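A.B. asks: Here's a structure for you.
The values are calculated or read from the model by the stated rules, or taken from the named source; none is laboratory data. Quick caveat, the model's predicted, so the values are computed rather than measured. Positions of Cβ are backbone-derived with ideal geometry, glycine not excepted, and every protein chain shown enters the neighbour counts.
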Amino acid sequence: MATTAIIEDKENNFDKKLDLAIAGLQQYYYRALQDLANRSNALIIIDFLIAMKTEKNLSMHSHELIIKTLNLLSTFTGFKDWKAPKKTRYFGFS
């Protein structure tokens with residue numbers, strides 16, 4: 001029962017961060033991050049977008065481009081987790 005509460009809290013936190021990160025963008029970008037196969041990578045993208053909002057005043061086009069590019073990168077890498085990247089995983093050399 002406690003595990004279920006923790007999972008629900010993480011999902012609520014994810015949704016709140018997602019809403020903050022894509023505020024003002026089309027629904028497509030919400031779904032692109034919501035449906036990303038690797039939830040950890042989606043959270044990394046969301047945290048990056050939130051950080052960029054606090055550091056710089058990026059245009060909506062810049063946000064859209066970041067989401068599209070990082071979403072494609074996640075797909076290209078086979079949805080592998082970005083938390084511990086290795087050069088060999090992405091580039092084929094060490």
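A.B. asks: Using beta carbons and a limit of 7 Å, which pairs, at least six apart or on different chains, have the first residue in the stretch 20-32 and within 19 Å of residue 73 (Cβ to Cβ) and the second one acidic (Asp, Glu)?
C.D. replies: Sorted first by the residue in the stretch 20-32, then by its partner, the pairs are 25/64; 29/64.
A.B. asks: Pick from the stretch 1-38 the residues that are of a type in the set (Gly, Ala, Ser), at pLDDT 85 or above and not in a helix (DSSP H, G or I): which of them is surrounded by the fewest Cβ atoms within 10 Å (Cβ to Cβ)?
C.D. replies: 24
A.B. asks: Please enumerate the residues belonging to the stretch 44-65 that are in contact with a helix residue (DSSP H, G or I) (Cβ under 7 Å, 6 or more places away or on another chain) and β-branched (Val, Ile, Thr).
C.D. replies: 45, 46, 50
A.B. asks: Further question on the same structure: Take the stretch 51-80 and flag every residue that is aliphatic (A, V, I, L, M) and either surrounded by fewer than 16 Cβ atoms within 10 Å (Cβ to Cβ) or without any contact (Cβ under 8 Å) to a residue 24 or more places away in the chain (or both). Quick ask: steps written out before the conclusion?
C.D. replies: Here is the first cut: in the stretch 51-80, the ones aliphatic (A, V, I, L, M) are 51-52, 58, 60, 65-67, 70, 72-73.
Those that are aliphatic (A, V, I, L, M) and either surrounded by fewer than 16 Cβ atoms within 10 Å (Cβ to Cβ) or without any contact (Cβ under 8 Å) to a residue 24 or more places away in the chain (or both): 51, 52, 58, 60, 65, 66, 72, 73.
A.B. asks: Restricting to the stretch 39-94, and then to whatever is small (Gly, Ala, Ser) and over 28 Å from residue 12 (Cβ atoms), can you tell me which residue is modelled with the highest pLDDT?
C.D. replies: Our first condition is that a residue be small (Gly, Ala, Ser); within the stretch 39-94, this holds for 40, 42, 51, 59, 62, 74, 78, 84, 92, 94.
Within this subset, residues satisfying the condition of being over 28 Å from residue 12 (Cβ atoms) are 59, 78, 92, 94.
Values: 59: 81, 78: 73, 92: 57, 94: 46.
Taking the candidates together, the pick is 59.
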